[in-house]
Every structure is written in C-alpha cells, then in structure tokens.
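The values are calculated or read from the model by the stated rules, or taken from the named source; none is laboratory data. Source: prediction; values computed, not measured. As a convention, Cβ positions derive from the backbone with ideal geometry for all residues, glycine included, and neighbour counts pool all protein chains shown. These accessible areas exclude ligands, DNA and RNA; they are computed on the full protein's heavy atoms, side chains included. Shrake-Rupley method; radii C 1.70, N 1.55, O 1.52, S 1.80 Å.
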Amino acid sequence: MSSELLMTSLAILIQGLVATLLLSAASIVGGTLIGLLAAVLRSFGPWGTPRIARLYTELFRGTPVLITLMFIYFGVSYFGYAIDVFAAGVVGLSVYQGAYIAEVFRSGIEAVPKGQWEVSQILGLSKTQAFFSVALPQTGKIVMPPLIGQYLSLIKDTSIVSMIGMSELMHAGQAIVDRVGKPVEIYGLVAVLYFVVCFPLSQWVRHHDRRRSLLS
Amino acid sequence: MTSTTPIAAARPIINLTGVSKSFGATQVLKEINLDVRPGEVLVLIGASGSGKSTVLRIMSGLETADAGEVWVNEVPLHDARRAKEIRGHVGMVFQQFNLFPHKTALGNVTLALIKARKMSQTDARKRAIDALDRVGLADRADHYPSQLSGGQQQRVAIARALAVEPGIMFFDEATSALDPELVGEVTEVMRGLARDGMTMVVVTHEMGFARKTADRVVFMDKGVIAEQGAPEDIFVNPQNERTRQFLHRVLDH
Amino acid sequence: MSYEWLTLAGYWNDFVRAAWLTLQITLLAFILAMLLGLLTALASASRAGLLRAIASVYIEAIRNTPVLLQIFIVFFGLPSLGITLNAYTAGVIALGVNVGAYLAEVFRAGIQSVPRGQLEAASILGLGRSQVFVEVVLPQAARAVYPAIVNNLIQLLLGTSLLSAIALPELSGTATVINARTLLYIQTFTITLIAYLVLSGVLSWVAGEIGTRVFHPPLVLKKRPRRLLFIARQTDRT
C-alpha cells in the first residue's frame, strides 16, 4: 500500500473518527440519563412506572439496535418531520444502550445492603436523601466497571449508524474501499483506529472488574 | 478417656519433626515437633493465627512444609515425589463442608469410590449407604446439599470421608460454621468415631468436645506448641501463662 | 390504516423465511462460538506462553472492534487473500468468531468461580487432576456460566441483523427490502421488532427449560423484577 494512499485514507478516516467520538459522547450522556431514570423508576417509581421501566428494558434488550435506528430515522419522516442521521443516531443509541445501562444501575442499587435502607429510614432520611447520600456513593465502585463496559459497547455500536448513512469512521472506511478497493488494508486501518480508542477502556474495565461475580 | 482399649504404645502414625512454614513474610509454624499415635484423638486449640489449621493442612497434604519432615501413615509428605500417595488414605472434614453441590448425598459419597477406587456402582452404593447410616443420614441419601441443614451437610461430609476407609480423620473447625443448635449432632458423630478407635486430629473452638473426647490437647500459640497434655491437665491446671490467658478468654464470658 | 397492514400480510411468507434464516444462522454461529470459546479458554489457562498469547490477541482484537467491521473484514477482506465466501457462510463465521471471544471470557470466569475448597476436598478423596476437573469443576462451572451463555446467544440473534449489510435476506434485510417497496415504515419495522422479540423470547424460554432439566439441582433462569420498597412495614420482610 503506497504511503500516498495511506496518508489520504488516514485523513479521511480520522475525520470519521471524530464524528464517531462526537456521536459516542452525545449518546453516552443520553444513555446514562435514560438508564438512570429507568433504574430509579424501576426500583422506586410510583404506580405502574416500575412496570413501564421493565417493559422498556426488556423491549430494547430483545431487539437489534439497527431496527431501532431505522424505526426512528424512517419513522419520523413517515410523520412528515425530518431528522438528520446524527440526531437519529444519538436518540437511537441512547434509547438502546439506556436499557442496558438501566440494568447496570439496577443491580448497583440492589447491591446496596437492605440494612442501609432500614438505617436511613430509622434515622429519618427521606427516600431522595437516602438515595443520594447513602446508596449512590456505595454503588459507585460496583457500578463503574460495568458502566464503562456499556460505554465501550456504545462506542462500537456507533458503527451501526453507518447503515443509515451517517459518515462516521465505519462509513468513511467503506467509502474508501468502494473507490480504491484494498479492503484488507483499509478495514485493517479502521480496526486499528477503533482498537486505539477502545483498548484503554477495556483494559480499565478488566482491571477494575475483579470483584464482580459472574451472575450478578 | 474415650477408648476402652489402651492406645497402642506403638510407632506414631503421624510424625512431624522440625516443621516450619511461612506464608509470604509471615512465619506461621516454627520448628514443630509432634507425634500422633494410632487410635489417638488429638485436639489442637489456639487463637487464630496460632498455626493450628496449618499443622492440620500439612498433615493432610494440602500444604507442604518449608522445612522439616512429615510422616503420615508411612508416607513422607516432605518428599514431593511421594506426597501424592497420601490421597485417598486420609479423610478431611472442612469448616465449609465442601460438599459437591451438583451431586446428592449418596453421589457425594460414591464419587471417589467409583472414580478413584474404581469400585462398581453396586459396591460403592452399598458402602456409601453404610457410611451415611453411620452418621444417621441413610434416609437422606437422595437429597442435594442445598436441601440439607448445615449439620446434615457436615455429617454427609464426614460420611464421604469415612467411605474411603481412611487411617486418619482430620477435622478443620468442623463445627465453626454451624448454628449452635446443630453443633451437637456433628460432635456426636465425631465422638462415635473416637469410640470406634479412629485416629483423629481435630482443630476446634469447641472446648467441651476437647475436654470430653480428646486423649491429648495441644495448645498452639504464635506458631509453636506452647503446651500439651491430657485434657484434665490442660483445662484444670494449665502450666503455661499463655494457655491460662487463652482459656480464660475463651471459657469465661 | 388497516389497508396498509393487509398489504404487509402479503409478505407473510417472506417474513417467515427470513425468520427461519435468522434462526439457522444464530444456531450455527452459536455452535462455532461455543467451540472457539472453549478452546480459547483452555488456551488462556495453558502453561504454554504461545497459546496464552494467541488467545489474548484473539480476544482483545475482537472485543475492541465493532462486529460490523469484523463482518466486513470476513466478507470483503478474505477474497483478496484468496478465500471467497458467500454471505451466509461469512455471516456464520464472523458472528461465531465474534461471540466466541466473549464466551472465552465467560468460560474462564466460570472455571475460576469454583471454590478452592471443592478442589481440596476432591483431591483428598483421591481423585486425580483430570478427574477433579471433569467430575467437580466442570459441572459447577457449567452451571455458573449458563445464564451468561444464554445472554450471549440472544446477543448473537440480535447481531444477525447486521448481516443485512452484506445483503443477506435475514429478518432485518428483508424488512429493509419490504420497506423500500411499500414505504410502510412504521408497520414494517413494528412487525420486525415483534419478530425479534418472539425469536428472543422463544430462545430464552427453551434455554430456561433446558436449564431446569439438565442441571442437578435444577437451575431456574427467572429474572424476577424486585421492587425495592422503602421499608414501610416490618411485616414486609420475607
């Protein structure tokens, strides 16, 4: 592979990588908020919201993110509105990963020993106070590794948004291969770029994940 | 005294000479010398960290000594090539029972008989039922450990160890993980074994058992044998200051 | 509205065929993944440094790159190395290789989860090393990893949707085609969602039933949603 091709390809791919990172960042924020909301509703919600939260998580954990993305992207135009791929991607990924993140938060909440809640109640703390001052700090350590793990999945899932036309890293790679061929080299390069972003995260998770049991 | 026949003044069945052991920077055993005679019931007492469990685990072959000689039932455990010969000839009962959860009580007892001893299914089954009967659990043979109480699980563990017909039985805090009301059924079985003349080395916190069933009590402190003797001597009239302190802490609440 | 649903009814056969294809690929890729996962887990635990290194490279390469990229590499990349595959085979291989890396971790953790005391008790009873592994470690490890394995199976099922990118007429690909023809976005994708839910539901259910029959004592795979009540009444304690 000529160094000329390498340089131009890299330039295009890096652009795509930037788009990937932006999409990831936005979706991570969205997914975390949605997941936190769903987990809180599931454990503490009033009249019927736990069931809704549960249905939400089961729906999005039992269906492929691709279909969710298509639903949002094409479905919105069905109702006469326009939505750009980036927004569709953020919404789709947030909603999809939100379901998994909700489960991570839920097991974190449930990992807090029952006695902590009882003590809080006896000491006169309200539910919100108990949650933020007593439970949340304790879940932090347990929740972080699987949470970062989900973020890692999210970053990889941004590649799927290429299938509804967004020009992120995966799409950029495809475009180059369509023009010049050499799939092994180009996709290899794409793989290296993804690897460089993901590897530090996965190593962090592996390092901090010692405590978790297999079946949590 | 527990046995009606006098303990054979024969050669010791277990012999430790100059045994030392360290875990990392901590020296847990310091040149221990200890003999156990056939048919003797030896009870090891002491605070946590005194080394009593390590002595037991070295005798049963689970740990190797860093220095010294360890002879158990004519097998030199200090010789790496021959240490494996001890397997299947001694029995060990653990604090955490360590029953195989995926097998019934009967399955637990027959597993080693069939796989290691190569007994036939029928012979193994028969011997297993006998062993379970000896600990009073023949009617629970088809139960899984999760369906048994702690005391019952430990008794199955004893039956499992007995079934291979070991020359020596080791007990590593066999009752420490049990609810108080379940301790009795296990110590009762252990007493029965002692009456039948089994050589037993027992690490325990149950002073009542030590007093009534031991032939000899060994008090360990910080990796050495601080004092040893007949139960009457140790419990009623301890010579060593450390022994006195320990017994005072443990017995008088 | 109902007219539009009726139009889609005409595509019933296509949907069923696509679902069947999806199921086939899922099961074939799963078998491959189990084999690869087991081999890799054994390699990770081996004493040979080379085997451990290969296992490590395999696992890290797969886990740090998107599965879509892996599918493309298998389908588009292998031909330039002389191996041409049709979409079906490429799909099975890519998904199998992908999930295999995740299963390897699952198996490794499962084996490590068996308490040491089990090994000690077994060896004192006279069981040899391989006997201890087969009779004591494996059954307990298998039971421990079963839920995680089922999860990975479901993930594999959902992953087949990405094979539409290499023009395989599985469920998502078929849906896209039908969508392009009828332009009935909502209806098409709703049916597709339901189809995936049904497939994943059935797989989970079958896995659950197998779990209760194969393991002793029976392994129950229920995910009961536990409602964490702020403790109001003493009597609530179970």
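Quick look at the numbers
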read-out	value
Check on A:Gln97, away from chain C (no Cβ under 11 Å) and crowded, with 22+ Cβ neighbours inside 10 Å	yes
Any hit, the stretch C:44-52, residues being open to solvent by 60 Å² or more (accessible area, probe 1.4 Å) and outside any helix (DSSP H, G or I)	yes
Residue among C:Ala142, C:Ala148 that alone is touching a Gly at 6+ places or on another chain (Cβ under 9 Å) and under 30 Å from A:Thr20 (Cβ atoms)	C:Ala148
Index of the failed condition, A:Gly181 passing every other in (1) small (Gly, Ala, Ser); (2) at positive phi; (3) within 21 Å of the chain's Cα centre (by Cα); (4) within 10 Å of chain C (Cβ to nearest Cβ)	(3)
Checklist (1) of a type in the set (Gly, Ala, Ser); (2) assigned to a helix (DSSP H, G or I); (3) within 11 Å of another protein chain (Cβ to nearest Cβ) applied to C:Gly126, failing item	(2)
Counted residues, the stretch C:80-112 - those being within 8 Å of another protein chain (Cβ to nearest Cβ) and part of a helix (DSSP H, G or I)	4
Among the candidates A:Leu66, A:Leu55, residue that is assigned to a helix (DSSP H, G or I) and more than 8 Å from chain C (Cβ to nearest Cβ)	A:Leu55
Answer residue from the stretch B:161-174, given it is open to solvent by 10 Å² or more (accessible area, probe 1.4 Å) and not aliphatic (A, V, I, L, M) and is nearest to B:Ile129 (Cα to Cα) among those	B:Glu165
Single residue of the stretch C:200-216 satisfying the filter (within 13 Å of chain A (Cβ to nearest Cβ) and without any contact (Cβ under 8 Å) to a residue 40 or more places away in the chain) that is most open to solvent (accessible area, probe 1.4 Å)	C:Trp205
Filter pass, B:Glu185 being farther than 28 Å from B:Arg155 by Cα and among the acidic types (Asp, Glu)	no
Test: residue in the stretch B:186-198 that is within 14 Å of chain C (Cβ to nearest Cβ) and either closer than 26 Å to B:Ala138 by Cβ or surrounded by 21 or more Cβ atoms within 10 Å (Cβ to Cβ) (or both)	no
Lone qualifier among C:Val114, C:Val99 - being open to solvent by less than 20 Å² (accessible area, probe 1.4 Å), modelled with pLDDT of 95 or more and out of contact with any Cys (no Cβ under 6 Å at 6 or more places or on another chain)	C:Val99
Filter result (among the small types (Gly, Ala, Ser) and at negative phi) within the stretch B:191-228	B:Gly192, B:Ala194, B:Gly208, B:Ala210, B:Ala214, B:Ala226
Residue in the stretch A:81-88 that is hydroxyl-bearing (Ser, Thr, Tyr) and either in contact with a helix residue (DSSP H, G or I) (Cβ under 8 Å, 6 or more places away or on another chain) or part of a helix (DSSP H, G or I) (or both) present	no
A:Ala26 being touching a residue at least 60 places away in the same chain (Cβ under 8 Å) and over 24 Å from A:Gln129 (Cα atoms)	yes
Residue within the stretch A:190-198 that is farther than 30 Å from A:Val143 by Cα and either modelled with pLDDT under 90 or in contact with a helix residue (DSSP H, G or I) (Cβ under 9 Å, 6 or more places away or on another chain) (or both) present	yes
Subset of the stretch C:135-145 [over 24 Å from C:Ala29 (Cα atoms) and more than 9 Å from every other protein chain (Cβ to nearest Cβ)]	C:Val137
The lone exception for C:Pro115 - which of (1) within 13 Å of another protein chain (Cβ to nearest Cβ); (2) over 30 Å from B:Val93 (Cα atoms) it fails	(2)
Scope the stretch A:69-80; condition open to solvent by less than 70 Å² (accessible area, probe 1.4 Å) and either of a type in the set (Asp, Glu) or in a helix (DSSP H, G or I) (or both); matching residues	A:Leu69, A:Met70, A:Phe71, A:Ile72, A:Tyr73, A:Phe74, A:Gly75, A:Val76, A:Ser77
Subset of the stretch C:59-88 that is aromatic (Phe, Trp, Tyr) and open to solvent by 50 Å² or more (accessible area, probe 1.4 Å) - its residue that is modelled with the highest pLDDT	C:Tyr88
Per-region count, the stretch A:153-162, residues within 8 Å of chain C (Cβ to nearest Cβ) and either in contact with a Phe, Trp or Tyr (Cβ under 9 Å, 6 or more places away or on another chain) or open to solvent by 30 Å² or more (accessible area, probe 1.4 Å) (or both)	3
Any strands (runs of 3 or more DSSP E) falling wholly within the stretch B:1-111 and containing at least 2 residues that are at negative phi and more than 19 Å from the chain's Cα centre (by Cα)	B:14-23, B:26-36, B:67-72
So B:Ala230, is it at pLDDT 90 or above, aliphatic (A, V, I, L, M) and farther than 26 Å from B:Phe94 by Cβ	yes
Flag for A:Thr139 being open to solvent by less than 20 Å² (accessible area, probe 1.4 Å), of a type in the set (Val, Ile, Thr), more than 10 Å from every other protein chain (Cβ to nearest Cβ) and assigned to a helix (DSSP H, G or I)	yes
Test: residue in the stretch A:31-51 that is surrounded by fewer than 17 Cβ atoms within 10 Å (Cβ to Cβ), part of a helix (DSSP H, G or I), within 12 Å of chain C (Cβ to nearest Cβ) and not basic (Lys, Arg)	yes
The stretch A:163-186, residues that are open to solvent by less than 10 Å² (accessible area, probe 1.4 Å), assigned to a helix (DSSP H, G or I) and not aliphatic (A, V, I, L, M)	A:Gly173
For C:Leu162: the one exception among (1) within 14 Å of chain B (Cβ to nearest Cβ); (2) under 30 Å from C:Val97 (Cβ atoms)	(1)
Unique residue being touching a strand residue (DSSP E or B) at 6+ places or on another chain (Cβ under 8 Å), within 10 Å of another protein chain (Cβ to nearest Cβ), without any contact (Cβ under 8 Å) to a residue 60 or more places away in the chain and among the small types (Gly, Ala, Ser) when the list is B:Gly107, B:Gly68, B:Gly91, B:Gly61	B:Gly61
Complete set of residues in the stretch A:169-189 that are modelled with pLDDT under 90 and of a type in the set (Gly, Ala, Ser)	A:Gly181
Test: C:Ala148 is among the hydrophobic types (A, V, I, L, M, F, W, C), crowded, with 20+ Cβ neighbours inside 10 Å and more than 11 Å from chain B (Cβ to nearest Cβ)	no
